[in-house]
1. Would you confirm, using the coordinates I've provided, whether Ala54 is touching a residue at least 12 places away in the same chain (Cβ under 8 Å), under 20 Å from Asn14 (Cα atoms) and touching an Asp or Glu at 6+ places or on another chain (Cβ under 9 Å)?
2. Give me the pairs, please: first residue somewhere in the stretch 12-27 and basic (Lys, Arg), second residue anywhere and assigned to a loop (DSSP other than H, G, I, E, B), beta-carbon distance under 7 Å, and either six or more positions apart or on two chains.
3. Which of (1) under 16 Å from Ile7 (Cβ atoms); (2) touching a residue at least 12 places away in the same chain (Cβ under 8 Å); (3) out of contact with any strand residue (DSSP E or B) (no Cβ under 8 Å at 6 or more places or on another chain) is the odd one out, the single condition Ala131 does not satisfy?
4. Condition check: basic (Lys, Arg) and either within 13 Å of the chain's Cα centre (by Cα) or over 23 Å from Asp6 (Cβ atoms) (or both). Does Lys79 satisfy that?
5. Given the residues Leu64, Leu73, Leu121, which is the only one that is at pLDDT below 95 and in contact with a strand residue (DSSP E or B) (Cβ under 8 Å, 6 or more places away or on another chain)?
6. Would you check if Ala129 is surrounded by 15 or more Cβ atoms within 10 Å (Cβ to Cβ) and part of a strand (DSSP E or B)?
7. Which condition number in (1) polar (S, T, N, Q); (2) more than 19 Å from Gly38 (Cα to Cα); (3) surrounded by 13 or more Cβ atoms within 10 Å (Cβ to Cβ); (4) at pLDDT 95 or above is the one that Asn105 fails?
Amino acid sequence: MGTIVDIAAVVLRNDEGKFLLVQEGQPKVRGLWNLPAGHVDSGETPQQAAIREAFEETGFNIRLSSEAPIMDLFKPEDKRHFFIYGGVITGGNLSIDGVEIMDANWYDVDEIAELHLVGKLRKSFVYDAIAQVN
């Protein structure tokens with residue numbers, strides 16, 4: 001079956017009820033919108049990875065809403081285990097690298113639903129996770 005890779009992601013909502021998505025810059029997924037997310041490094045918990053990845057991809061310091069993920073998805077066909085957390089911004093400023101992440105934007109649920117319908121989300125669980133916390 002191969003090695004399973006753990007991925008941690010975070011759903012961030014602002015005071016206006018909009019959610020932060022990042023636009024992927026990597027070749028295979030270039031232009032698709034995703035939650036701030038990335039691999040769980042060796043010796044790191046999924047919670048620590050979600051906090052680190054949120055900072056690396058957005059420039060925001062965050063805290064998790066809960067130690068438990070809002071979604072825990074195992075996708076054997078992708079060889080991925082996704083841990084998706086709710087998060088709260090505690091500081092920092094929106095900042096992207098322009099390479100791994102091309103853009104970042106705040107979207108309301110209807111806009112994210114439209115992105116989902118036209119195939120512009122990296123994975124369908126992005127919409128599912130946002131709908132779950134909305």
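The values are calculated or read from the model by the stated rules, or taken from the named source; none is laboratory data. Bear in mind the structure is a predicted one, so any value in this text is a computation, not a measurement. Cβ placement follows ideal geometry from the backbone for every residue including glycine, while neighbour counts extend to all protein chains displayed.
1. Considered against the rule, which asks whether it is touching a residue at least 12 places away in the same chain (Cβ under 8 Å), under 20 Å from Asn14 (Cα atoms) and touching an Asp or Glu at 6+ places or on another chain (Cβ under 9 Å), Ala54 comes out as no.
2. From residues that are basic (Lys, Arg), the pairs are Lys18/Asp108.
3. Of everything listed in (1) under 16 Å from Ile7 (Cβ atoms); (2) touching a residue at least 12 places away in the same chain (Cβ under 8 Å); (3) out of contact with any strand residue (DSSP E or B) (no Cβ under 8 Å at 6 or more places or on another chain), Ala131 misses just condition (1).
4. no
5. Leu73
6. Here the answer is no, as Ala129 does not meet what is asked.
7. The number of the failed condition is (2).
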